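Presented below is the structure to which this report refers.
The values are calculated or read from the model by the stated rules, or taken from the named source; none is laboratory data. None of these values were measured; they are calculated from a predicted model. Glycine also receives a Cβ, built like all others from the backbone with ideal geometry; neighbour counts cover every protein chain displayed.
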Amino acid sequence: MAIINSIFGWYIKKRIHQIELFIKYPHDVQNDWFQHLMDTAKNTEWGRRYEYSEIKSFDEYKKRVPIQGYDGFKNDIERIIRGEQNVLWPTEITMFAKSSGTASDKSKFIPVSQESLEDCHYKGGKDLMSLYYNEFSESKLMEGRGLAMGGSSDFVPLNEGSYTGDLSAIILKNLPFWASLHRTPDNDIALNPSWEDKIEQIIDITVKQNITNISGVPSWMLVLLKRVLEKTGEDRIIDVWPNLEWYVHGGVSFSSYRSAFDKIIGGQDRVNYSETYNASEGFLGIQDDTKRDDLLLMLDYGIFYEFMPMSEYGEENPITIQLDAVQIGVNYALVITTTGGLWRYLIGDTVVFTTLEPYRIKVSGRTKHFINAFGEELIVENAEKAISLACEKTGALVKEFTAAPIHMDDKEAGAHEWAVEFDQEPSDWEYFTVMLDNALKSVNSDYEAKRYLDKVLQMPRMHHVPKGTFYNWMSQRGKLGGQNKVPRLSNSREYLESILVVASKS
């Protein structure tokens, strides 16, 4: 196994040269992809609709093609599902990644072409390994197995030869042979639609294996790891898997989970942590340096990027800019054009650039997951950082949380109302609330201004909900496991109030 590991490390690092090229020539790479996308799709129905053959510049593209979310593509995607082809993309599309829905639909069905699967999603997975081996040349990942905690998804036939499942299920179903050899468990277990059964099956198999790396959404991975300790009777994960060296996570900010992982695994610096930004629509970013907390924007995956300042969000004709005009610290809504047939697609995520040489980002939240009831513009990144700071000050460990506004009335100011579930409770609940409030002021000047003398915003109102509340709430909504995430913030009170109902019955 040591020889295989050495050969694999040598091979996988060959990609580093190409990564360095797009870092050195980012605008040339993006412009080349833009032209390639226009040329490739010019004879599709969509390309003829917007006269792609006449488009020679980004400005012309913006004039002809509107920015749209899923609802703008829904009718065309439904036609492809029924068996029509050459609508959005010229090659046959038979795979559709099922993702959380819009206001008008429970689920979205994102088309996945063979090009987007191979040249984006799989390329991202290989680059993740390449960057890791480049940073840790003595790694022994391939001497053991990688535990992948994917989605719990049935493959649902949509038409003859086409199917849907969540993205992780599609990726697992189509993995190349070499990747399947390293991964555990096998697909029958990994894709088991029963979340509870799957966890027990995974544990029965993997506690006997040499697990060197694990991957999955932090909230659900913690559920698995805690169950591993319960079944084995061990105190630390490192005692179950002594050669564990790497955890790959994504989907939510890791800052509020880091201390919980350090504790359950067996102390700080026992494993390396890497974050990825892999959405159903495309693989977008990789943490290329484990000592940093931002992500390298991947520029040669068949994705052309635009960035919409959030000040433009909701405007009839919003302004977008290319990569060469972005600024550090500005909150942008992400707009992408892909080899999966998505054209000026508003993905729903917001990002902030942290460096421009190379282009690195942090995912700052969702275009719809924020609180701005009082002009405070509180985004998910603010909330997660504040929770992390409050935990540092009080010794608490937060497992899950969500927040929503209490609106002002003629008698008193408004407030933010929080539901928080702890792994480790603070000794002083009121002190935790004060620390959270202070932390929010420190990371968001608009929040701080609205808190002045309690005129607009009062102190946060906190609910300490019983353990298991969020799990039970997600279960009731049919959202256990995989890529399903707790909504952190909302301008609506719908999520918060339904969670508090579940908490009251616990």
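Annotations
- The sole residue among ALA333, ALA279, ALA260 that is at pLDDT below 95, under 30 Å from HIS36 (Cα atoms) and under 21 Å from the mean Cα position of the chain (by Cα) is ALA279.
- Single residue of ALA449, ALA415, ALA439, ALA419 found to be in a helix (DSSP H, G or I), crowded, with 16+ Cβ neighbours inside 10 Å and small (Gly, Ala, Ser): ALA439
- Residues (of a type in the set (Gly, Ala, Ser) and not in a loop (DSSP other than H, G, I, E, B)) located in region 483-506: SER498, ALA503, SER504
- Scan region 201-234 for residues that are in contact (Cβ under 8 Å) with a residue 12 or more places away in the chain, more than 24 Å from MET142 (Cα to Cα) and of a type outside the set (Lys, Arg) and the total you get is 5.
- Matching strands (runs of 3 or more DSSP E) fully within region 115-230 where at least 3 residues are modelled with pLDDT of 85 or more and surrounded by 22 or more Cβ atoms within 10 Å (Cβ to Cβ): 211-215
- Evaluating LYS56 against the criteria (1) part of a loop (DSSP other than H, G, I, E, B); (2) at pLDDT 95 or above leaves one unmet condition, (2).
- Verdict on GLU377 being on the phi > 0 side of the Ramachandran plot and assigned by TED's automatic domain parsing to the domain that holds ALA419: yes
- Which numbered condition ALA403 misses (of (1) in contact with a strand residue (DSSP E or B) (Cβ under 9 Å, 6 or more places away or on another chain); (2) modelled with pLDDT under 95): (2)
- Options GLY83, GLY9: the member that is surrounded by fewer than 13 Cβ atoms within 10 Å (Cβ to Cβ), out of contact with any Lys or Arg (no Cβ under 6 Å at 6 or more places or on another chain) and touching a residue at least 24 places away in the same chain (Cβ under 8 Å): GLY83
- Listed by first and then second residue, the pairs linking a residue in region 332-351 that is closer than 13 Å to GLU312 by Cα and of a type outside the set (A, V, I, L, M) to a residue that is modelled with pLDDT under 95 and part of a loop (DSSP other than H, G, I, E, B), with Cβ atoms under 7 Å apart and 6 or more places separating them unless they lie on different chains, are THR350/THR367.
- Residue count for region 231-277 under the criterion of being in contact with a Cys (Cβ under 9 Å, 6 or more places away or on another chain) and buried (at least 20 other Cβ atoms within 10 Å of the Cβ): the result is 1.
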